[in-house]
Amino acid sequence: MKTDNTLYNRQTAILLFILTVTFKAAALPAMVAADAGSGGLTVYAGLFAVDVLGWILIKRYIDLGGAETLDNTSKKWLKTLIMTVLTAYFALKAVLCFSGTVDFVVSYMFENIKIAEAAMVLAVPCVYIAIKGIRTMGRVAEIVIVLVLTILVFNLLFIKTDADFSRNLPIFSMSMKDYLENFSKWSFWFGDFMPLLFVKEKQDGKKRSPWALTAAVCFVLFTYVLMFASYGRSLVIVKNAMLKYGVFNHLETYLGRLDWTIIVIWIPMAIITCGAHFWAATESARRIVKKKTVAEAAIFLCIAVYFFFAPDAMQMTNFAKGALRYVALAVNLAMPPVLLLCAAGLRKEAQKNEETR
């Protein structure tokens, strides 16, 4: 049942950046703007605060060898309970991310393609990279991040838009009740660092993940502020806010449309993110069913069945904003401390047992 999920800490940091940015800077700004307006910045900030704290706890869990400790525990019921919750969570996240990717391709890139056709085409790289495992994702991410940073820097250097940043005021524009409702509504779009809990890091003495997470948070928050400053309430019509970095490029006047530069990087980022959640779902499922191939087949079948019956690609978005959001909120808030406490407790118990022998 053991597989090698070892990553260099630079690969972990790169994956953390990609997982954090991809969907939070895409369709989410438009959805948050529709409900929260200028207060969307505080909604993002609150949810990011939970994410940052969660990552700190998960990083400690990784450093303690939490995944291996939980695998070797004699308390099988505890491991089964945790992995059952995580399997459901990651499967739902995989569906949500894949739905967003399919919707982008169907509504923006190709007008006459059916959902089923787009889903089948996109499923191939997503499933392939998930089956190959996190080490392959780490290597791919190292290649992709070079292109991502190059294109983002290029577009940011030549950005030109008639932005009125006063549209982001007042920042505290919602009542506490409305804020909490918005806070919970977008929970499924956060907690994207969770697949990394199955990773074992190979250290080189440099702490990169804090810088990666800081860069990701700043980029996403800046994206929301800039897009709301540019569009105001009309931001609700923007399918992919990140794409607008290419649209607002000053060199578009001379070189033609440059939104394709963002498409070139966003699609690989989306595939990595979808693959990471699919992989995480199979990692947690195989700890229940004991066989990797059975877990992969079961998760793939569940996701395929959903898309077979889904009337449109964004149906999962409606589910994620409904009652299911409380599931995501509970997992994002509770699972990191629970995992860390379990790992620390089981590790201490194992050390005591060794000392008494």
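The values are calculated or read from the model by the stated rules, or taken from the named source; none is laboratory data. As the structure is a computational prediction, the values presented were derived from the model and not from experiment. All Cβ positions, even for glycine, are placed from backbone atoms using ideal geometry, and neighbour counts span all protein chains on display. Note: areas computed on protein heavy atoms with side chains; ligands, DNA, RNA excluded. Shrake-Rupley method; radii C 1.70, N 1.55, O 1.52, S 1.80 Å.
Are any of the residues in the range 261-273 at pLDDT 85 or above, touching a Leu at 6+ places or on another chain (Cβ under 6 Å) and within 16 Å of Ala123 (Cα to Cα)? Show your work before the answer.
At the first step, the residues of the range 261-273 found to be at pLDDT 85 or above are 261-273.
Right, trim to touching a Leu at 6+ places or on another chain (Cβ under 6 Å) and you get 262, 265, 273.
Narrowing the set further to residues that are within 16 Å of Ala123 (Cα to Cα) leaves 273.
Within the range 261-273 (the criterion being at pLDDT 85 or above, touching a Leu at 6+ places or on another chain (Cβ under 6 Å) and within 16 Å of Ala123 (Cα to Cα)), the answer is yes, since at least one residue qualifies.
When residues of the range 104-134 are filtered for being part of a helix (DSSP H, G or I) and polar (S, T, N, Q), how many remain?
Just the residues of the range 104-134 that are part of a helix (DSSP H, G or I), to begin with: 104-109, 115-132, 134.
Next cut, polar (S, T, N, Q) only: 107.
Here the count works out to 1.
Among the residues of the range 39-92, count how many are of a type in the set (D, E, K, R) and buried (at least 19 other Cβ atoms within 10 Å of the Cβ). Walk me through it before giving the result.
Kept after step one, since they are of a type in the set (D, E, K, R), are these residues of the range 39-92: 51, 59-60, 63, 68, 71, 75-76, 79.
This time we only want the ones that are buried (at least 19 other Cβ atoms within 10 Å of the Cβ), so: 51, 59, 79.
Count: 3.
In the range 154-196, how many residues are among the small types (Gly, Ala, Ser), over 26 Å from the mean Cα position of the chain (by Cα) and part of a helix (DSSP H, G or I)?
So in the range 154-196, the residues among the small types (Gly, Ala, Ser) come out as 163, 166, 173, 175, 184, 187, 191.
Among the residues that remain, those that are also over 26 Å from the mean Cα position of the chain (by Cα) are: 163, 166, 173, 175.
Pick out the ones that are also part of a helix (DSSP H, G or I) and you get 166.
Of the residues in that region, 1 qualify.
Just checking, which of Phe48, Phe23 is outside any helix (DSSP H, G or I) and in contact (Cβ under 8 Å) with a residue 12 or more places away in the chain?
Values: Phe48 fails: outside any helix (DSSP H, G or I).
Checking each option against the conditions leaves just Phe23.
Being in contact (Cβ under 8 Å) with a residue 12 or more places away in the chain, open to solvent by less than 40 Å² (accessible area, probe 1.4 Å), within 15 Å of Phe23 (Cα to Cα) and under 22 Å from the mean Cα position of the chain (by Cα) is true for just one of Val238, Val225. Which residue is that? Full working, then the answer.
On the way: Val225 fails: within 15 Å of Phe23 (Cα to Cα).
Exactly one residue qualifies, and that residue is Val238.
Out of everything in the range 301-342 that is over 19 Å from the mean Cα position of the chain (by Cα), assigned to a loop (DSSP other than H, G, I, E, B) and touching a residue at least 12 places away in the same chain (Cβ under 8 Å), what residue ends up being surrounded by the fewest Cβ atoms within 10 Å (Cβ to Cβ)?
Applying the filter and picking the extreme gives Asp312.
Return a yes/no flag: does the range 50-70 have any residue that is polar (S, T, N, Q) and under 19 Å from Val220 (Cβ atoms).
Our first condition is that a residue be polar (S, T, N, Q); within the range 50-70, this holds for 69.
Going one step further and asking which of them are under 19 Å from Val220 (Cβ atoms), we end up with none.
Scanning the range 50-70 turns up no residue that is polar (S, T, N, Q) and under 19 Å from Val220 (Cβ atoms).
I need a count of the residues in the range 104-146 that are touching a residue at least 12 places away in the same chain (Cβ under 8 Å), open to solvent by 30 Å² or more (accessible area, probe 1.4 Å) and within 19 Å of Thr12 (Cβ to Cβ).
Total meeting the criteria: 4.
On the basis of being polar (S, T, N, Q), in a helix (DSSP H, G or I) and either touching a residue at least 40 places away in the same chain (Cβ under 8 Å) or closer than 26 Å to Glu349 by Cβ (or both), does Thr101 make the cut?
Criteria met by Thr101.
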